[in-house]
Structure formats: C-alpha cells, structure tokens
Amino acid sequence: MRQRCRRRLAETGLRAVDLHELCAEFGSRRARPVVLSSMTMPSNNIHAMLVRASEADYIVYERDTTPLHQQHLIAHELGHLIWDHRGLTGLSGGHADYDPVEELEAETTATLLLERQHRTLAGLARSERTRTMGQALGFEFGRW
Ligand SMILES: [Zn+2]
C-alpha cells in the first residue's frame, strides 16, 4: 500500500511540503481550488470531512483540537482528494458509511505526506541548530 501511495504521489508531481501549500498547489494544478476551513464539529466522532462541491473541494476540520491532530486531519482528507475519492464519506473516524480501501489509501497517503513534512522540518531545524552552534563557537557556516 505504501508503494502504491508513493507512486500516486509521484504522479501528482506535487512539490510543496507544508500542508496548506500542498492543498493550494494541488488545487491550482487541477484548476479546482481546495479550500481549508476549520470549525467546531458537532459530533465527537467526526473530526473532519471532505465536501466536493461543484466549483471547489472543501476540507473541513476540527477547530477544537491540537495543531498536530489538525495536520493529520487535513493530510487524511487531502489523501482522499489525491485519490479522487467521492468525498462526504471521507469522514475521519466513527462513520459507518465508508470504504475501507479508500480509507486505507487516504490514511497511507496522509502518513507519507506528514513523514515528508516532518523530515523536511527536522532537516531545517538541524541545519539551523548547527549554524547557531557554529556561531557560538565562532565558526561561520556556509562559507567554506
Ligand atoms: Zn477518510
């Protein structure tokens, strides 16, 4: 499944790393915007949903949760979009009417997107830390 999702992501040609930028990039590539919107979800079981309207796709996600959870919710729904799933059944958690294969595709794609974001951010943090440490020691990094 990871291989399948990795191939699919490669096919999209998406370059952005940040999830909000990824949504914007995906939207502009298809000439069909992806609109992110947070709201207080009325149900304890539903944390996000994908609404495929005529002009745009809406990813609606829980406002009252941690930023980390929100990232996961957005990545999952974007995963559904990348696979061109129908939406509105794309509810994260607790819904009866869902296709387990589609959920697995969305979730695995989400994991890949989040892993890539995490790797990139960790890399940036590391290089920032190295620079700061170097400066403290009197080195100038980036000029060899
Ligand atoms: Zn889902």
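The values are calculated or read from the model by the stated rules, or taken from the named source; none is laboratory data. Everything numeric here is computed off the predicted structure, so don't read it as measured data. Here the Cβ is made from the backbone with ideal geometry for all residues, glycine too, and neighbour counts use every protein chain on show.
Data overview
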| item | result |
| --- | --- |
| Residue check, LEU68 at pLDDT below 95, under 16 Å from the mean Cα position of the chain (by Cα), surrounded by 15 or more Cβ atoms within 10 Å (Cβ to Cβ) and hydrophobic (A, V, I, L, M, F, W, C) | no |
| Considering residues of region 11-52 that are of a type in the set (A, V, I, L, M, F, W, C) and out of contact with any strand residue (DSSP E or B) (no Cβ under 9 Å at 6 or more places or on another chain) only, the residue surrounded by the most Cβ atoms within 10 Å (Cβ to Cβ) | LEU14 |
| Residue match in region 79-93 (condition: touching a Cys at 6+ places or on another chain (Cβ under 7 Å), surrounded by 11 or more Cβ atoms within 10 Å (Cβ to Cβ) and at pLDDT 95 or above) | no |
| Of residues in region 1-10 being surrounded by 16 or more Cβ atoms within 10 Å (Cβ to Cβ) and over 13 Å from the mean Cα position of the chain (by Cα), the one farthest from GLU102 (Cα to Cα) | ARG8 |
| In region 11-26, residue nearest to the chain's Cα centre (by Cα) [restricted to those that are in contact (Cβ under 8 Å) with a residue 12 or more places away in the chain and under 21 Å from GLN70 (Cα atoms)] | LEU19 |
| Any hit, region 109-123, residues being modelled with pLDDT of 95 or more, within 12 Å of the ligand (Cβ to nearest atom) and among the aliphatic types (A, V, I, L, M) | yes |
| Within region 27-50, considering residues that are at pLDDT 95 or above and among the small types (Gly, Ala, Ser), the one farthest from HIS69 (Cα to Cα) | SER28 |
